[in-house]
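Presented below is the structure to which this report refers.
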Amino acid sequence: MCNIPDRVMGLSKRVSLWSVEEVLEWVQDQHPTHMGTLHKAIIKHAISGRALLRLKDHHLELLGVEAEDQQQKIWQDLLLLRVQEEINELNDICSECFSS
């Protein structure tokens, strides 16, 4: 019941542990057309993986993504990252339950 793969959605490291550089890599991979806009903001605000997971939808506009359709796409990808993080946490809990 708790056999959740470690690399669901291709992530090998928990998002909450990502450095600013790894967040930049994710943006480059997922949203290269927004890299110019987001690069400076991510560095300026030191947005690590933990901070990335805490962003709210209105933060995208503050970070320079103005078009609603673009915000929506990035927001969907951020939600997927949150789901991945939750899966990892549940996997950890299940591992602890069965190793006790």
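The values are calculated or read from the model by the stated rules, or taken from the named source; none is laboratory data. The structure displayed is predicted, hence computed values, not measured ones. Methodologically, a virtual Cβ is constructed for each residue, glycine included, from the backbone with ideal geometry; neighbour enumeration extends over all protein chains shown. The area values use the complete protein model at the heavy-atom level, side chains included, leaving out ligands, DNA and RNA. Shrake-Rupley method; radii C 1.70, N 1.55, O 1.52, S 1.80 Å.
Of note:
- Zone of D77's modelled label, taken as backbone nitrogen in the stretch 48-70 under 13 Å from a point 7 Å along Cα→Cβ: 65, 70
- Projected label distance in nm at V20 and E89, using a 7 Å step from Cα toward the beta-carbon: 2.6
- Base-10 log of normalised Debye intensity for the chain (one unit scatterer per alpha-carbon) at q = 0.10, 0.16, 0.19, 0.22 Å⁻¹: -0.30, -0.68, -0.90, -1.13
- Å² of accessible area per residue within the chain, as computed with a 1.4 Å probe and no ligands counted: 66
- Global geometry of the stretch 40-85, whether rounded, prolate or oblate, following the gyration tensor of its Cα atoms and the 1.5 cut on a/c: oblate
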